[in-house]
Every structure is written in structure tokens, then in C-alpha cells.
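The values are calculated or read from the model by the stated rules, or taken from the named source; none is laboratory data. This one's a predicted model, so the numbers in the text were calculated from it and none came from an experiment. When we count neighbours, we look across all protein chains shown, and the Cβ atoms used for this are built from the backbone with ideal geometry, even at glycine. Side chains included, ligands, DNA and RNA excluded: accessible areas come from the protein's heavy atoms. Shrake-Rupley method; radii C 1.70, N 1.55, O 1.52, S 1.80 Å.
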Amino acid sequence: MADKDPGQLIGQPGYIFDPYSLDFAEDPYPTYKWMRDEAPVYHQPEMNFWVLSRYEDVWKAHRDAATYSSKAGPQIERMEAPGLVLLGKDAPDHSWAKAMMTKVFSRERMASLDGFIRDKAISLLDKAYDEHGPDGEFDMVSAFSVELPLAVISELLGIPEELRAEVHRLSNIFISRDADLTPEAQQQGQAALFMLFYNLTQERRKDPKDDPVSMLIAIEVEDEDGVKHQARDDEIAMRFLEMGFAGHETVAKAIPNGAMALERFPEQKAKLKSDLSLIQRAVQEILRFDPPSQLQGRLTTKDVELHGVTIPADARVMLATGGATRDPRAFPNPDVFDIGRDMDSRTVAFGYGVHKCLGIHLAQQEIAIAFELLFSRYPDWKVFPDRTTRAVLSNVRGVASLPMVLGKRA
Ligand code: HEM
């Protein structure tokens with residue numbers, strides 16, 4: 001599908017939405033605008049899925065897990081064995097599996113990482129400064145925005161020091177979009193990472209320590225029928241794999257998305273630089289303006305009537321997060337990046353309802369610290385959004401590289 005073809009221009013006769021075109025990856029917002037206004041329940045005939053793009057519709061679908069099931073996985077395509085991940089489970093299994101994770105990865109545990117995140121962010125920025133000086137250009141993505149969340153998630157998961165280099169190496173294979181890397185090599189990387197977590201779980205089962213793996217082994221939760229559940233070793237390994245992925249790619253995309261938005265709206269950058277107490281609002285706006293997690297896949301469990309259209313039962317539905325967060329029905333002047341904006345507390349950038357992001361506080365903390373330190377330590381930092389590279393990814397959106405200079409250290 002090529003939407004450069006004149007007959008394929010957005011909304012023109014013959015147009016078919018291609019979620020994997022580079023044009024769409026580069027700028028999905030004109031497509032979402034057309035869908036919201038002209039086709040709020042859009043049917044894609046070739047891949048046979050439906051798109052909801054208005055804020056209210058996306059928000060309601062997130063809250064109605066009985067109608068919009070996750071059991072075919074979080075992407076547009078149906079996933080193989082989605083039930084292995086939290087994102088692919090429905091109640092009642094999802095409820096107890098998530099309750100376990102929430103107990104171990106509590107808000108307090110995440111908040112306690114504040115000092116670690118700061119130290120890591122400073123060391124990464126200072127390393128880039130030592131290597132490139134105040135005026136030397138480097139890639140923000142590989143030097144900073146990928147490394148920071150990878151280190152943080154290893155710390156959160158309690159990966160032993162001696163395994164971190166290997167987790168880092170395998171995670172990089174797992175998440176790489178390098179064209180030279182074959183799908184087989186990527187699958188092998190993923191399998192090796194799973195085995196590493198699986199072996200670690202087995203070791204801790206024999207010899208428990210004070211760490212999240214041992215806590216997950218020991219924890220028992222009761223479901224609503226009073227049945228007690230404990231996680232098996234393969235389930236724990238899978239949870240770790242999922243956390244590694246969910247907690248890494250998204251933050252790695254959010255930081256450059258935010259840097260580019262601030263560069264493109266210089267008055268907002270100046271406002272934030274002069275008043276860092278606005279940082280939490282800025283984080284909210286970064287996630288609204290260009291959400292790194294752009295879509296959530298669902299499966300209808302019954303016919304759904306919406307805006308005069310019937311979505312049949314057992315149909316794939318794409319909840320377009322990026323469409324929802326730019327909906328003028330919810331956010332006035334949605335295409336303007338404005339850190340002073342009053343946010344809707346029902347933000348959908350982290351999902352909503354039962355599958356709402358487990359790492360919501362940690363993610364916001366990481367992004368806030370990244371920008372706080374950039375402004376306080378390297379106040380003249382600059383990125384060059386016109387010289388990025390972008391890859392087409394399945395449900396996250398962001399750049400693969402972004403040139404940056406740090407300027408003088410404060
Ligand atoms: C800016 C960063 C992040 C964004 C935008 C984001 C976004 C999301 C979204 C939209 C969902 C819901 C998916 C759905 O409804 O199908 C989700 C779920 C999830 N996220 Fe995040 N996330 C971020 C960071 C993190 C971090 C740091 C962690 C781990 C520490 C994490 C772990 C998870 C997990 C485990 C789920 C599955 C929850 C469930 O299915 O019940 N995420 N995230």
C-alpha cells in the first residue's frame with residue numbers, strides 16, 4: 001500500500017489506511033483528524049480491523065473490557081499466545097496476575113528509584129559531554145534516552161549486577177530495529193532473555209533473596225471466588241520480559257518526542273527553562289502531544305453500535321491513542337504544544353481501566369528527571385528534529401535517532 005499515490009490521499013476515494021506506511025509513522029495526526037471528523041468508526045478492509053479515534057470513544061472502550069477484550073493481544077494483528085502477557089489477558093486471570101505485580105512493583109518501590117534515576121541520567125549526560133564537548137553533535141537516542149530506561153528497569157526488576165550486561169545486550173537485540181538483524185536472530189534474543197529470567201527464577205526458588213523475583217515467587221493472591229494463585233516460574237519469567245519491554249521502549253521514545261516538541265515550540269521551551277516547577281505539566285503535555293504508545297488492539301466480544309455503524313462481534317479494533325489525545329473535542333487547539341494546558345485527568349496515554357499502565361508513575365518520574373537535569377545541568381541543550389531517522393514500529397511511535405548538542409555545563 002502506498003499512500004503517496006494521488007488516489008490514496010487521506011480520505012479521497014480509494015484511500016485505505018495503512019498503519020505501517022512510513023508517511024503515517026512520520027506524521028499520523030492528519031490521518032487521525034480525518035478519521036475523527038469523517039470516519040469515527042473506520043473499517044480497514046484489507047487487514048480487516050476497525051479504528052476508534054475520538055477521545056470519548058477510546059476512553060469508553062478502555063473502560064469496557066467486557067466488550068473490548070484484550071485476549072488477542074495489544075497489537076492490530078492477533079498475537080500468538082497473547083495470554084502469556086498481562087496485556088493479552090482478560091478477567092479473571094488478568095485480575096489476579098496484575099494484583100501480584102502491583103504488590104511487588106508498588107508505587108513506593110518505584111518512587112524509591114528517584115536517586116538512581118538522577119545518578120544514571122547525570123552520568124549519561126556527562127559522558128556525552130566529555131566525549132563531544134559543548135558543541136559536538138551526538139545521537140540523543142543511543143546515548144541517553146535508550147540507556148536511561150534500560151538501566152532503570154534493570155534496577156526495578158532487581159537484576160543482579162553480574163547479569164546486567166547480558167540483559168542489556170539481549171534487550172538491545174530484542175528491541176533493535178536494525179535492518180541487518182534477521183527476525184530469527186531477534187527471536188533468539190528474546191528466547192535467550194526469557195531463559196535468563198527463567199533460570200534466575202529457578203535459582204531464587206531454591207535460594208530466596210530480598211528481591212522482586214523472590215517476592216513474586218512467594219506471593220499468593222486470592223481471586224474473587226476465593227481461589228488462591230501463585231505464579232509459575234515461566235509466568236514470572238514472562239512478566240519480567242514484558243516489564244522489560246513495556247518499561248523501556250516507551251520511555252526511550254517519550255524523551256526524544258518531548259525534546260522535539262520543546263524545540264518546535266521555543267516559547268514553551270523558554271517557559272519551562274525559566275520555571276522548572278512546570279515540569280510535571282510538561283510531562284503530561286509531552287505524552288498528550290506525541291504519545292509513544294500510539295494504539296491498543298482489542299477484540300469485540302459482541303456487536304457494537306457506534307456513530308451509526310455496527311462493529312461485529314469478534315472483530316479487531318484499534319484504539320487510536322494518538323487520535324484521542326489530539327481530539328479538539330477534548331483538548332482545545334490540540335496541535336499546539338502548551339505546557340500550561342489543563343489536562344483531562346482521564347488521560348489515555350497510559351491506557352485506562354483494568355489494563356492501565358503498571359509503570360505510570362515511574363515513567364513520568366523518569367521523563368521529568370530527564371528534562372529537569374537537562375535544563376539545570378545543560379541549559380542550552382538543543383536537538384535537531386529535522387534530521388531524525390524514524391522506523392515503522394507496531395504500536396510505539398518515536399525516532400530511531402535524534403542529533404543533539406548539550407551546550408556549556410551550568
Ligand atoms: C512513557 C512511558 C509509558 C507509556 C506511554 C506506557 C503506556 C502504556 C499503555 C497505553 C498501556 C495499556 C495498554 C493496553 O491498554 O492494552 C500500558 C500497560 C502496561 N505498562 Fe506501560 N507505558 C509506559 C511505561 C511503562 C513502564 C516504565 C513500565 C514498567 C515499569 C510499564 C509497564 C506496563 C505494563 C506491565 C503494562 C500492562 C498492564 C496490564 O495489562 O494490566 N509501562 N502502558
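The lone criterion from (1) more than 9 Å from the ligand (Cβ to nearest atom); (2) closer than 13 Å to Thr300 by Cβ; (3) open to solvent by less than 70 Å² (accessible area, probe 1.4 Å); (4) in contact (Cβ under 8 Å) with a residue 60 or more places away in the chain left unmet by Ser70 is number (1).
Among the listed residues Ala330, Ala324, which satisfies the condition of being away from the ligand (no atom under 16 Å from the Cβ), in contact with a helix residue (DSSP H, G or I) (Cβ under 6 Å, 6 or more places away or on another chain) and over 22 Å from Pro149 (Cβ atoms)?
None of the other options fit; the residue is Ala330.
Of the strands (runs of 3 or more DSSP E) lying entirely inside region 294-410, those carrying at least 1 residues that are under 18 Å from the mean Cα position of the chain (by Cα) are 295-300, 316-320, 399-401. Listed by first and then second residue, the pairs linking a residue in region 309-338 that is farther than 24 Å from Ala25 by Cα to a residue that is open to solvent by 60 Å² or more (accessible area, probe 1.4 Å) and within 16 Å of the ligand (Cβ to nearest atom), with Cβ atoms under 8 Å apart and 6 or more places separating them unless they lie on different chains, are Ala313/Thr301; Asp314/Thr301. Residues that are touching a residue at least 12 places away in the same chain (Cβ under 8 Å) and within 15 Å of the ligand (Cβ to nearest atom) are absent from region 124-140 altogether. Got a sec? Which of Phe337, Phe350 is within 11 Å of the ligand (Cβ to nearest atom) and either within 30 Å of Arg78 (Cα to Cα) or buried (at least 18 other Cβ atoms within 10 Å of the Cβ) (or both)? Selected residue: Phe350, the only one of Phe337, Phe350 that is within 11 Å of the ligand (Cβ to nearest atom) and either within 30 Å of Arg78 (Cα to Cα) or buried (at least 18 other Cβ atoms within 10 Å of the Cβ) (or both). The requirement of being farther than 24 Å from Asp211 by Cα, away from the ligand (no atom under 16 Å from the Cβ) and out of contact with any Leu (no Cβ under 7 Å at 6 or more places or on another chain) is fulfilled somewhere in region 113-123, by at least one residue.
Taking the criterion of being within 9 Å of the ligand (Cβ to nearest atom) and either in contact with a His (Cβ under 7 Å, 6 or more places away or on another chain) or among the hydroxyl-bearing types (Ser, Thr, Tyr) (or both), the only residue of region 238-279 that qualifies is Thr250. Against the condition assigned to a strand (DSSP E or B) and either surrounded by 13 or more Cβ atoms within 10 Å (Cβ to Cβ) or more than 24 Å from the chain's Cα centre (by Cα) (or both), how does Trp59 come out, does it pass? It is false that Trp59 is assigned to a strand (DSSP E or B) and either surrounded by 13 or more Cβ atoms within 10 Å (Cβ to Cβ) or more than 24 Å from the chain's Cα centre (by Cα) (or both).
The set of residues in region 275-293 being charged (D, E, K, R), within 19 Å of Tyr32 (Cα to Cα) and assigned to a helix (DSSP H, G or I) consists of Glu285, Arg288. For region 62-82, the count of residues that are more than 30 Å from Leu157 (Cα to Cα) and among the acidic types (Asp, Glu) is nonzero. Checked against (1) within 23 Å of Val392 (Cα to Cα); (2) at pLDDT below 90, Pro13 passes all but condition (1). Kindly check whether there is at least one residue in region 308-319 that is in contact with a helix residue (DSSP H, G or I) (Cβ under 7 Å, 6 or more places away or on another chain) and either acidic (Asp, Glu) or surrounded by fewer than 20 Cβ atoms within 10 Å (Cβ to Cβ) (or both). Looking for residues that are in contact with a helix residue (DSSP H, G or I) (Cβ under 7 Å, 6 or more places away or on another chain) and either acidic (Asp, Glu) or surrounded by fewer than 20 Cβ atoms within 10 Å (Cβ to Cβ) (or both), one finds none in region 308-319, hence no. Determine if region 248-263 includes at least one residue that is over 20 Å from the mean Cα position of the chain (by Cα), surrounded by 18 or more Cβ atoms within 10 Å (Cβ to Cβ) and in a helix (DSSP H, G or I). Looking for residues that are over 20 Å from the mean Cα position of the chain (by Cα), surrounded by 18 or more Cβ atoms within 10 Å (Cβ to Cβ) and in a helix (DSSP H, G or I), one finds at least one in region 248-263, hence yes. The number of residues in region 210-247 being in a helix (DSSP H, G or I) and either touching a strand residue (DSSP E or B) at 6+ places or on another chain (Cβ under 8 Å) or touching a residue at least 24 places away in the same chain (Cβ under 8 Å) (or both) comes to 18.
Consider region 222-243 and keep the residues that are surrounded by 11 or more Cβ atoms within 10 Å (Cβ to Cβ) and of a type in the set (Asp, Glu). The one that is modelled with the lowest pLDDT is Asp223.
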